[in-house]
Structures are given as structure tokens and as C-alpha cells.
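Taking it in order: structure first as C-alpha cells, then the write-up.
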Amino acid sequence: MQANFKRACEFIHQYYDESKQHESSQRIEGIKNEISTSGTYKLTVDELVYGCKLAWRNSNRCIGRLFWNSLKVKDKRELDSETEIFEAIKSHIKYAFNEGKIRSVISVFNHQDVKIYNQQLIRYAGYKLKDGSTKGDPEMLDFTKYCIDLGWEPSFGEFDVLPLVLQLKNKTPKVFEIPKEIIPEVNLEHPHFSWFKELQLKWYSVPIISNMILEIGGIQYQAAPFNGWYMSTEIASRNLADRFRYNKLPLIAEHLGLNTTKNRNLWKDHALLVLNEAVLYSFEEAGVQIVDHHSASEQFMKFVKLEQKSKREVTADWSWIVPPMSAAALEVFHHQWNNEVKSPNFFYRTPVWNSKDPDTRPHSKCPFHINSLNFGDDL
């Protein structure tokens with residue numbers, strides 16, 4: 001992929017403007033020469049750091065952007081072996097977890113040579129059993145099968161952490177088992193219901209996204225895993241509650257003695273509240289940072305005010321900013337924002353391991369899909 005000179009100019013002008021540097025023409029001329037010679041160019045460390053922060057600030061679907069300027073950027077562009085890259089990824093996981101005091105961090109690898117196949121660095125496997133039932137995370141059925149085909153040995157448990165799949169240049173993808181001792185997980189229990197612990201539910205502590213393309217100044221970084229920290233509803237209202245995921249609401253309702261045959265008694269709402277209470281309580285008891293949806297909403301509105309004070313328009317995807325619980329009780333519910341996609345940013349892509357996956361084809365029409373951007377015009 002050839003670097004896009006127009007986007008390079010736009011980014012450099014913005015970087016120089018916001019960092020109070022006054023003369024960008026010499027830098028732009030240097031970039032033009034690099035692209036003319038090699039088809040691409042290299043961001044300086046300072047440009048890369050600021051570009052990553054801007055990508056977070058421009059992420060329309062993220063409610064946690066108040067902290068965009070605190071992002072820690074790890075420049076790993078010089079690594080050129082699978083082993084070195086895997087060691088850097090392990091370091092990222094440990095650094096991000098930070099004994100429960102989660103740090104927002106992104107690791108940026110060589111944009112031309114490195115691909116990470118996983119949706120997140122840590123995800124649970126999903127298995128289709130012989131009787132037709134599913135165990136684990138149904139969303140990961142196809143990728144789990146792909147890992148098994150590559151030689152990974154499954155345990156067929158409900159919460160098996162998938163291996164990491166890396167590809168360097170055009171080599172055959174390699175499978176790496178993430179050491180259990182560096183995978184921070186939280187066992188879930190409830191402050192008032194002793195039976196909840198017996199359900200043996202858990203979730204991993206840090207959501208490290210690894211299947212999105214980081215675009216800065218016309219350069220597409222295929223491998224740039226990044227993380228913040230969890231909002232409780234991501235785990236309790238989606239991952240563990242969605243019918244097409246772990247679908248635990250009927251189980252919890254059963255233990256609560258609720259009638260699940262009638263919607264009018266709001267059994268799902270009762271079970272959902274209990275599940276959210278358990279996630280918040282368990283993370284707090286484990287000393288792992290997490291934010292509730294009410295606090296996250298307040299933080300986002302503070303971000304909006306700070307951006308307005310800086311005379312910058314806030315863009316946001318309302319359907320993602322509003323949490324999947326107690327929506328009307330949150331201030332974000334009562335606002336609308338322009339959903340324009342800005343650059344730098346993070347973009348979806350069709351999974352590199354399964355380009356024919358029908359579930360990913362609709363993303364080609366999504367404004368946050370990398371194919372929706374025009375990279376055709378250049379020098």
C-alpha cells in the first residue's frame with residue numbers, strides 16, 4: 001500500500017499546529033521525496049506518538065476518550081522476527097495490566113510486514129460440540145477452528161484463552177501460546193448471592209483490540225494493538241448476556257427464581273442488573289480497574305466540554321456511545337453528534353485469516369471500514 005501524500009500533508013499540518021510548531025514545509029518536502037523514492041515514508045517518533053493519540057481522540061465509537069492524551073505509545077516498528085514481536089506483545093499485556101491499575105497503551109509494529117490475526121490479544125475460544133451445542137464464546141467458533149487447523153490443541157473448556165496468531169511478511173502464520181501467568185482474569189461473584197460464585201463465570205481484565213488498522217497520515221499500520229480499560233456493561237450486558245454470545249441471563253434468572261416465560265415481569269432486566277453488579281463487585285474485589293456506565297457517561301460529557309473549549313468539533317457514533325443499559329438515565333442519551341470519520345483513526349477490516357467470512361462483508365459499507373477511505377490520490 002503506497003502512502004497517501006494528501007493525508008500525510010493534512011496530518012503534518014495538524015501535528016505542527018497542535019504542537020505549536022510553526023514551520024512544516026521542510027518536513028512535508030522530505031515526506032514527498034520519501035514517497036517518490038520508496039512509495040512510503042516513516043513517521044518520526046514524536047509524530048507517531050501524537051498520531052496514535054489523535055486516532056483515539058477521533059474514535060467515534062469510544063466513550064472513554066477523556067483520557068486520549070495519556071495514551072502510552074510503544075514504538076515497535078523495528079522488530080523483524082515473530083519471536084521479538086511475540087515478546088513485545090507479552091510485554092504489552094503485562095504493562096497494560098499493571099497489577100490491576102490498567103494503563104492505556106498501544107504497540108505499533110512495522111506497517112508493511114506484521115499482521116495479528118486475533119480480534120483481541122486475549123479472547124476465549126468457542127467450540128461446536130458433536131451434539132450441535134456450543135461451548136465457550138460462539139463469536140469465536142470460526143477463528144477457534146482456524147487455530148486448531150494451525151495445530152493449536154484445544155481444551156474444550158468454557159473459558160479457554162485462544163493462542164496468538166502472527167504473520168510476518170508473506171510467511172506462513174505462526175501460533176503462539178500466551179503464558180497463563182500473564183493473562184489477568186477475574187472470577188465473578190456477587191456481593192449478596194452466594195450461588196453466583198458457583199456459576200464459575202469469569203472474564204479477562206484488559207480488552208486489547210488487535211484487529212483494527214491504525215491509519216496516520218496515509219500510512220496503514222496493520223498491527224497496532226491498543227487498550228483502555230473495561231466499562232462494566234461491555235462484559236455484563238454484552239459479552240456474557242448477548243443471546244449470540246455466552247447468553248447467561250436465563251441461567252441467572254433461574255437462580256433468582258424468576259419467571260422467564262413472560263416479558264412483562266422484566267426478568268431479563270433483573271438478571272442483567274445482577275450480572276452487572278457481579279462484574280463491578282468482582283473487579284473491585286480483585287483490585288482491577290473498571291468503570292461503570294454512569295461514570296463513563298459523565299467522563300464522556302467532560303471530554304465533550306474540553307473539546308468545545310479547545311474549539312474542536314466532537315464526532316461520535318451515538319449508537320456506540322450510549323451504553324447498553326439504563327440508556328435514558330445517562331446524559332449521553334440526550335445528545336446527538338456528527339458521525340463524520342476523521343483521520344488519524346482506527347478502522348475495521350475483513351479478517352486476514354478469513355476473507356470470505358459472510359459476517360464481515362457488511363463492514364465494507366461501514367464508514368469505519370478501511371475500504372471506505374479513499375487512498376487512491378497521491379503525488
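The values are calculated or read from the model by the stated rules, or taken from the named source; none is laboratory data. Predicted model only: the values in this text are computed from it and were never measured. Every residue, glycine as well, gets a Cβ built from its backbone with ideal geometry; the counts of neighbours run over all protein chains shown.
Looking at the stretch 190-216, which of its residues are of a type in the set (Gly, Ala, Ser) and more than 13 Å from Val108 (Cβ to Cβ)?
Of everything in the stretch 190-216, those that are of a type in the set (Gly, Ala, Ser) and more than 13 Å from Val108 (Cβ to Cβ) turn out to be Ser194, Ser205.
Can we say Leu66 is modelled with pLDDT of 95 or more, under 25 Å from Ser205 (Cβ atoms) and out of contact with any strand residue (DSSP E or B) (no Cβ under 9 Å at 6 or more places or on another chain)?
Yes; evaluated as a whole, the condition is true for this residue.
Kindly check whether there is at least one residue in the stretch 153-169 that is modelled with pLDDT of 95 or more, small (Gly, Ala, Ser) and crowded, with 18+ Cβ neighbours inside 10 Å.
So far as the stretch 153-169 goes, no, none of its residues is modelled with pLDDT of 95 or more, small (Gly, Ala, Ser) and crowded, with 18+ Cβ neighbours inside 10 Å.
In this structure, is Pro184 within 20 Å of the chain's Cα centre (by Cα) and without any contact (Cβ under 8 Å) to a residue 24 or more places away in the chain?
Answer is no for this residue.
Taking interchain pairs and intrachain pairs at least six residues apart, which have beta carbon atoms under 7 angstrom, with the first residue in the stretch 71-93 and assigned to a loop (DSSP other than H, G, I, E, B) and the second of a type in the set (Gly, Ala, Ser)?
Leu71/Ser104; Leu79/Ala88
Could you please find all residues in the stretch 305-341 being more than 27 Å from Ile216 (Cα to Cα) and either in contact (Cβ under 8 Å) with a residue 40 or more places away in the chain or acidic (Asp, Glu) (or both)?
Pro323, Pro324, Met325, Glu331, Val332
Between a residue in the stretch 249-278 that is farther than 17 Å from Lys202 by Cβ and any residue that is among the hydroxyl-bearing types (Ser, Thr, Tyr), which pairs come within a Cβ distance under 7 Å, given they are 6 or more apart or on different chains?
Close Cβ pairs (under 7 Å, with a partner that is among the hydroxyl-bearing types (Ser, Thr, Tyr)) amount to Pro250/Thr260; Ala253/Thr260; Trp267/Thr260; Leu272/Ser237.
Does the stretch 47-65 include one or more residues that are within 29 Å of Glu139 (Cβ to Cβ), in contact with a helix residue (DSSP H, G or I) (Cβ under 6 Å, 6 or more places away or on another chain), not in a helix (DSSP H, G or I) and not charged (D, E, K, R)?
Yes, the stretch 47-65 contains a residue that is within 29 Å of Glu139 (Cβ to Cβ), in contact with a helix residue (DSSP H, G or I) (Cβ under 6 Å, 6 or more places away or on another chain), not in a helix (DSSP H, G or I) and not charged (D, E, K, R).
Is it true that Gln200 is closer than 23 Å to Gln119 by Cβ and either among the polar types (S, T, N, Q) or more than 12 Å from the chain's Cα centre (by Cα) (or both)?
It is false that Gln200 is closer than 23 Å to Gln119 by Cβ and either among the polar types (S, T, N, Q) or more than 12 Å from the chain's Cα centre (by Cα) (or both).
Yes or no: the stretch 246-255 includes at least one residue that is of a type in the set (D, E, K, R), modelled with pLDDT of 95 or more and either in a loop (DSSP other than H, G, I, E, B) or surrounded by 15 or more Cβ atoms within 10 Å (Cβ to Cβ) (or both).
yes
Residue check: is Ile148 assigned to a helix (DSSP H, G or I) and more than 30 Å from Gly51 (Cβ to Cβ)?
Against the criterion (assigned to a helix (DSSP H, G or I) and more than 30 Å from Gly51 (Cβ to Cβ)), Ile148 qualifies.
With the condition kept exactly as written, say whether any residue in the stretch 233-242 is in contact with a His (Cβ under 9 Å, 6 or more places away or on another chain), touching a residue at least 40 places away in the same chain (Cβ under 8 Å) and outside any helix (DSSP H, G or I).
no
Return yes when Ala286 is under 19 Å from Asn239 (Cβ atoms), surrounded by fewer than 22 Cβ atoms within 10 Å (Cβ to Cβ) and among the small types (Gly, Ala, Ser) and no when it is not.
So Ala286 passes the test.
Counting only residues that are farther than 29 Å from Ile290 by Cα and loosely packed, with under 13 Cβ neighbours inside 10 Å, how many does the stretch 170-202 have?
Residues meeting the conditions: 3.
Each row is one residue, and each column tells you yes or no for (1) of a type in the set (Gly, Ala, Ser); (2) closer than 21 Å to Lys101 by Cβ.
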position	(1), (2)
Ala271	yes, no
Val279	no, yes
Ala286	yes, yes
Lys311	no, no
Trp320	no, no
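Restricting to the stretch 121-145, count the residues that are touching a His at 6+ places or on another chain (Cβ under 9 Å) and within 10 Å of Tyr246 (Cβ to Cβ).
Here the count works out to 0.
When the residues of the stretch 173-199 are narrowed to those that are under 19 Å from Asn239 (Cα atoms) and touching a strand residue (DSSP E or B) at 6+ places or on another chain (Cβ under 8 Å), which ends up modelled with the lowest pLDDT?
Pro184
Just the residues that are in contact (Cβ under 8 Å) with a residue 60 or more places away in the chain and surrounded by fewer than 20 Cβ atoms within 10 Å (Cβ to Cβ), please, taken from the stretch 293-302.
Gln299, Lys302
Can you tell me which of (1) touching a helix residue (DSSP H, G or I) at 6+ places or on another chain (Cβ under 9 Å); (2) under 27 Å from Ser343 (Cα atoms) is the one Ile290 doesn't meet?
Here Ile290 clears every test but (2).
For residues that are part of a loop (DSSP other than H, G, I, E, B) and among the aromatic types (Phe, Trp, Tyr), scanning just the stretch 310-357, find the one that is nearest to Leu168 (Cα to Cα).
Step by step, filter the stretch 310-357, then rank; the result is Trp353.
Can you name the strands (runs of 3 or more DSSP E) wholly within the stretch 153-212 that have at least 1 residues being polar (S, T, N, Q)?
Answer list for the stretch 153-212: 164-168, 185-187.
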